[in-house]
Amino acid sequence: RPAGAMDWQVLTRELSLYLESQVRVGLFGSGVGLSLVLGFGVAYACYYLSSIAKKPQLVASNDRFCRFLEEYCPVVTETYYPTIWCWEGRVQTLLRPFITSRPQVQYRNELIKTADGGQISLDWFDNNDSLYYPDASTRPTVLLLPGLTGTSKESYILHMIHQSETLGYRCVVFNNRGIAGEDLLTPRTYCAANTEDLEAVIYHVHSLHPSAPFMAAGVSMGGMLLLNYLGKTGRDTPLMAAAIFSAGWNVFESVESLEKPLNWLLFNYYLTTCLQSSISRHRQMLEKLFDMDLVMKARTVREFDKQFTSVMFGYRTIDDYYEDASPCRKLKSVGIPVLCLNSVDDVFSPGHAIPVETAKQNANIALVLTSCGGHIGFLEGIWPRKCTYMDRVFKQFVQAMFEHGNKIFSM
């Protein structure tokens with residue numbers, strides 16, 4: 001047997017004997033080891049319960065909307081207990097994709113044509129085995145909008161579909177152009193400000209099932225796009241309500257936060273490379289209008305948007321694009337009930353940029369603000385694999401609106 005292995009066994013045995021003696025002395029005498037562990041544990045538990053685990057802040061000017069949420073979506077009034085060993089916003093954001101499970105979902109894909117000659121990929125979960133709504137013509141439908149480079153394969157989308165499946169609902173995922181494996185037929189992708197593709201999708205889905213109750217839920221950039229659409233259309237939409245998760249309310253504040261050194265290292269550079277990767281497959285089509293070599297040299301989201309996104313959609317400057325893309329500027333015009341969940345420690349949407357005062361001026365808006373949760377994190381439980389706080393908010397709110405939504409204005 002190698003000498004190193006023998007030394008390791010001896011060291012391990014001596015360490016075990018030392019720890020056992022510390023525990024023994026700590027229990028029956030004046031030992032330090034166990035006392036320190038217990039003391040630290042008690043101190044951490046006190047800190048967690050007093051400063052980390054808190055009830056979310058519910059911001060809504062409409063008392064009837066508040067009472068509706070308290071009765072039919074009580075999760076927004078209950079204490080949120082973030083996972084005790086990873087409650088910090090950056091950690092939650094980084095770990096969620098690796099920790100949470102990925103429910104199995106069988107999609108039916110549909111490609112629809114757009115007015116400019118492009119195409120959009122929709123992934124349908126029809127839920128034809130629904131026991132609660134066996135009639136497909138009246139089965140409630142949820143339109144799901146993923147984040148910036150996300151598709152129907154994202155774990156948070158799969159969890160939303162799983163929650164909807166248990167309630168008997170149908171889901172359809174709106175994949176932005178060129179992002180889900182389909183070809184670009186025109187040199188155009190997508191952005192948070194331009195709602196033309198979303199309008200086409202909403203019209204298409206509603207035309208297929210005009211008698212079915214219809215809601216939408218958007219995550220991150222998908223939430224921004226949905227808010228910008230709702231701010232543009234007001235009450236003139238077939239959607240009866242919407243849920244928004246981790247939206248970036250003010251793009252100027254979001255990019256400034258992401259450009260801080262640690263956030264750039266953890267998030268900004270990676271997100272930029274994801275954006276570049278999403279368009280590199282379509283390089284031959286996009287080279288007709290863009291200097292792709294320059295676009296691929298971007299090292300921040302701001303540089304990418306300056307060289308690519310803002311140019312594609314005809315903005316004179318990147319500031320013009322960011323101003324138009326910021327949902328906080330359109331919140332007053334939203335004409336249907338909308339629930340928005342944000343964490344104030346989200347580096348993608350910093351707490352000071354959440355438009356609390358503006359939200360109070362629109363009776364259709366309810367903000368749910370947690371102290372922890374990060375960006376699309378909201379992990380809870382010792383091992384947060386199955387369900388997050390965000391999933392529970394989604395499930396309760398969607399069910400509340402589909403099954404009790406007519407009571408909002410009568411409470």
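The values are calculated or read from the model by the stated rules, or taken from the named source; none is laboratory data. Nothing here was measured: the structure is a model prediction, and the numbers come from that model. All Cβ positions, glycine included, derive from the backbone under ideal geometry; neighbour counts span all protein chains shown. Areas reflect the complete protein model, heavy atoms only, side chains present, ligands, DNA and RNA absent. Shrake-Rupley method; radii C 1.70, N 1.55, O 1.52, S 1.80 Å.
If I take every Cα pair under 8 Å that is 6 or more residues apart in the range 225-319, average their sequence separation and divide by the length, what percent do I get for the relative contact order? Walk me through the numbers on the way to the answer.
Values: 43 pairs, mean separation 18.8, N = 95.
Result for the range 225-319 is 20 percent.
Mind computing the radius of gyration and Dmax over the alpha-carbon atoms of the range 251-325? Å is fine for both.
When restricted to the Cα atoms of the range 251-325, Rg and Dmax are 12.4, 36 Å.
Can you tell me the Rg and Dmax of the chain, counting just the alpha carbons, in angstroms?
Expressed in Å, the Cα Rg and Dmax of the chain come to 24.3, 81.
Near Lys306, which lysines are there with a Cα under 19 Å away, not counting those fewer than 8 places off in the same chain?
Lys260, Lys288, Lys297
Tyr80's amide H: which non-local residues (gap 5+, or another chain) put their own amide H closer than 5 Å, with H modeled 1.01 Å from N in plane and none for Pro or chain starts?
Correct list: Lys54, Lys55.
Where does helix 3-28 land angle-wise versus the long Cα axis of the chain, in degrees 0 to 90, nearest 10?
The helix 3-28 is inclined about 80 degrees to the chain.
Placing +1 at every Lys and Arg Cβ and -1 at every Asp and Glu Cβ, with all other atoms neutral, what dipole size does the chain have around its Cα centre, in debye to the nearest 20?
About 400 debye.
Per residue of the range 74-86, what does 6.51 cos²θ - 1.76 cosθ + 1.60 with θ = phi - 60° give for ³J(HN,Hα)? Whole Hz please, x for Gly and Pro, Karplus curve as stated.
Ordered by residue, 3J(HN,Hα) equals x, 4, 6, 10, 8, 4, 9, 9, x, 3, 5, 9, 8 Hz.
Once you sort the root eigenvalues of the Cα gyration tensor of the range 190-302 as a ≥ b ≥ c, which label holds: rounded (a/c under 1.5), prolate (a/b larger than b/c) or oblate (the other case)?
On the way: a/c = 2.85, a/b = 1.60, b/c = 1.78.
It is oblate, given that a/c is not under 1.5 and a/b is not larger than b/c.
Given only helices, namely DSSP H runs of n ≥ 4 each adding -39500 (n - 2.57), what is the per-residue ellipticity at 222 nm of the chain, to the nearest 500 deg cm²/dmol? Write out the running numbers ahead of the final one.
Details: 15 runs with 161 residues, N = 411.
The helix-only estimate for the chain comes to -12000 deg cm²/dmol at 222 nm.
HN-Hα J couplings of the range 192-202 from phi, Karplus 6.51/-1.76/1.60, θ = phi - 60°, integer Hz, Gly and Pro as x?
6, 8, 8, 9, 4, 5, 5, 4, 5, 5, 4
If a/c stays under 1.5 just call it rounded; otherwise compare a/b with b/c (prolate if a/b is bigger, oblate if not). Do that for the range 91-233, with a ≥ b ≥ c from the square roots of the Cα gyration tensor eigenvalues.
Oblate is the answer for the range 91-233, as a/c is 1.5 or above yet b/c matches or exceeds a/b.
Roughly speaking, what is the centre-to-centre gap between the range 121-181 and the range 285-347 when only Cα atoms are used, to the nearest Å?
Comparing the Cα centres of the range 121-181 and the range 285-347, I get a distance of 25 Å.
Relative to the longest principal Cα axis of the chain, at what angle does helix 89-99 sit, 0 to 90 degrees, rounded to 10?
80
Compute the angle between helix 269-280 and the longest alpha-carbon principal axis of the chain, please, reported from 0 to 90 degrees and rounded to the nearest 10.
Here the helix axis deviates by roughly 40 degrees.
Carbon and sulfur atoms: what percent of the 1.4 Å accessible area of the chain do they account for?
Ligands and nucleic acids excluded, carbon and sulfur reach 56 percent.
Magnitude of the Cβ-charge dipole of the range 251-325, K/R +1 and D/E -1, about the Cα centre, nearest 20 debye?
400
On average, how much accessible surface per residue is there in the chain, in Å², for a 1.4 Å probe, leaving out ligands, DNA and RNA?
On the way: 18820 Å² over 411 residues.
Per residue, the chain has an accessible area of 46 Å².
What ranking, highest mean first, results for peptides 97-103, 247-253 when packing means the other Cβ atoms within 10 Å averaged over each residue?
On the way: 97-103: 14.1, 247-253: 24.0.
Ranking the peptides 97-103, 247-253 by packing returns 247-253, 97-103.
Give a residue-ordered list of calculated ³J(HN,Hα) values for the range 211-227 (Karplus: 6.51 cos²θ - 1.76 cosθ + 1.60, θ = phi - 60°; whole Hz; x for Gly, Pro).
These are the phi-based 3J(HN,Hα) values: 9, 8, x, 9, 10, 9, 9, x, 10, 6, 5, x, x, 5, 4, 5, 5 Hz.
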